[in-house]
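The values are calculated or read from the model by the stated rules, or taken from the named source; none is laboratory data. Just so it is clear, the model here is predicted, and its values are computed rather than measured. For neighbour counting, all protein chains shown are included, and Cβ atoms are generated from backbone atoms with ideal geometry for every residue, glycine included.
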């Protein structure tokens, strides 16, 4: 009976988690062929995906149906996204190697209960147009990086909204400057189908 039960569990796992198995098979394929195959694959499973976006080797995505990515983005080598709380990425966004983006976190408010028994909280992450996130940065649940922001390598970005064109560095990340200092705030040209810019502009009212 144990063997039959194991076979049933394997069958359920293969059918219920088809996305994860297909992703695992495609993630290692290098060069142009890998980029094209992964684009077609993610186009099918993501909530929305723009044109000319590259997924480099070993990108790992959870909850793809809650992830929207715009056009001409680069998802870096060894990048990891957990999109259970929702994630929106605009156009022309660059993610460096090893970047992690998390949209959920463990609840730990009750010291008398095990952390694993307190559940999770979910917060959407928004990344606007023309954002560059450097290698091995960690983006926490609830972070809102609007148009033009730069995140330095290794930074840990907290779950709050930052100003346009902010330059962030450190752990925890702090604003160390602005790309548009001393200038009128430039408006990056965006496409009509930019999920990031649409959300950001709506919030400004």
Would you mind telling me which numbered condition in (1) touching a helix residue (DSSP H, G or I) at 6+ places or on another chain (Cβ under 7 Å); (2) buried (at least 17 other Cβ atoms within 10 Å of the Cβ) residue 99 fails?
(1)
Taking segment 1-47 and keeping only residues that are touching a helix residue (DSSP H, G or I) at 6+ places or on another chain (Cβ under 7 Å) and modelled with pLDDT under 80, one is left with 14
Answer with yes or no whether residue 135 is modelled with pLDDT of 95 or more and farther than 19 Å from residue 71 by Cβ.
yes
Per the list (1) at pLDDT 95 or above; (2) assigned to a loop (DSSP other than H, G, I, E, B), residue check on residue 175 breaks on (2)
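Here is a check on your reading of the model: is residue 203 at pLDDT below 70, closer than 16 Å to residue 87 by Cβ and surrounded by fewer than 16 Cβ atoms within 10 Å (Cβ to Cβ)?
On the way: at pLDDT below 70: yes; closer than 16 Å to residue 87 by Cβ: yes; surrounded by fewer than 16 Cβ atoms within 10 Å (Cβ to Cβ): yes.
Yes; evaluated as a whole, the condition is true for this residue.
Matching residues to (1) surrounded by fewer than 18 Cβ atoms within 10 Å (Cβ to Cβ); (2) modelled with pLDDT of 95 or more; (3) out of contact with any strand residue (DSSP E or B) (no Cβ under 6 Å at 6 or more places or on another chain):
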{"position": "51", "(1), (2), (3)": "yes, yes, yes"}
{"position": "55", "(1), (2), (3)": "no, yes, no"}
{"position": "60", "(1), (2), (3)": "yes, yes, no"}
{"position": "68", "(1), (2), (3)": "no, yes, no"}
{"position": "71", "(1), (2), (3)": "no, yes, yes"}
{"position": "76", "(1), (2), (3)": "no, yes, no"}
{"position": "85", "(1), (2), (3)": "no, yes, no"}
{"position": "88", "(1), (2), (3)": "no, yes, no"}
Quick check on residue 107: is it touching a residue at least 24 places away in the same chain (Cβ under 8 Å) and touching a strand residue (DSSP E or B) at 6+ places or on another chain (Cβ under 8 Å)?
no
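Among what's in segment 21-33 and is in a helix (DSSP H, G or I) and within 20 Å of the chain's Cα centre (by Cα), pick the residue that is nearest to residue 86 (Cα to Cα). Steps first, please.
So in segment 21-33, the residues in a helix (DSSP H, G or I) come out as 21-26, 31-33.
Then drop every residue that is not within 20 Å of the chain's Cα centre (by Cα), which leaves 21-24, 26.
Values: 21: 22, 22: 22, 23: 19, 24: 22, 26: 23 Å.
Per the criteria, the residue is 23.
Quick check on residue 164: is it farther than 21 Å from residue 59 by Cβ and outside any loop (DSSP other than H, G, I, E, B)? Lay out the reasoning, then the answer.
Working: farther than 21 Å from residue 59 by Cβ: yes; outside any loop (DSSP other than H, G, I, E, B): no.
The answer is no for residue 164.
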Just to be sure before I move on: is residue 121 surrounded by fewer than 17 Cβ atoms within 10 Å (Cβ to Cβ) and without any contact (Cβ under 8 Å) to a residue 12 or more places away in the chain in the structure I sent?
no
